[in-house]
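Participant: Mind having a look at this structure? Questions to follow.
The values are calculated or read from the model by the stated rules, or taken from the named source; none is laboratory data. If you're wondering where the values come from, they're calculated on a predicted model, not measured in any experiment. With ideal geometry, Cβ positions are generated from the backbone for all residues, glycine too; neighbour counts draw on all protein chains shown. Accessible surface is based on the protein model in full, side chains and every heavy atom, while ligands, DNA and RNA are left aside. Shrake-Rupley method; radii C 1.70, N 1.55, O 1.52, S 1.80 Å.
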Amino acid sequence: MVCVLDFGGRIPPENLSRIFEPFFTTKAWSSRRGTGLGLSMVYELARKLEAGLSVESIVDVGSTFTLILPVRELKPNENVK
């Protein structure tokens with residue numbers, strides 16, 4: 001597992017279901033404009049790795065993003081790429 005903690009803000013509960021959508025951002029009207037691509041890229045990476053991805057967010061505390069990587073057993077004579 002790889003966990004990333006973000007204490008820079010919060011994700012309101014009404015936005016949690018959308019945070020991995022491409023181009024979804026809440027920063028459109030702020031001075032720190034976002035493209036809404038960061039978390040959607042993480043989602044696609046997790047999908048391609050056949051990994052799990054979860055988010056836990058507590059208002060006024062922060063968010064924890066967890067990438068759960070699969071463990072695969074190498075077959076005899078299999079090269080590591």
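Participant: For segment 42-72, which positions are open to solvent by 40 Å² or more (accessible area, probe 1.4 Å) and within 8 Å of the chain's Cα centre (by Cα)?
Facilitator: Val42, Tyr43, Leu53, Ser54, Val55
Participant: Given the conditions (1) surrounded by 14 or more Cβ atoms within 10 Å (Cβ to Cβ); (2) modelled with pLDDT of 85 or more, and given that Gly34 satisfies all but one, which numbered condition is not satisfied?
Facilitator: Among (1) surrounded by 14 or more Cβ atoms within 10 Å (Cβ to Cβ); (2) modelled with pLDDT of 85 or more, the lone unmet condition for Gly34 is (2).
Participant: Moving on to the next point. In segment 52-68, what residues are at pLDDT 95 or above and farther than 15 Å from Phe20 by Cα?
Facilitator: Ile68
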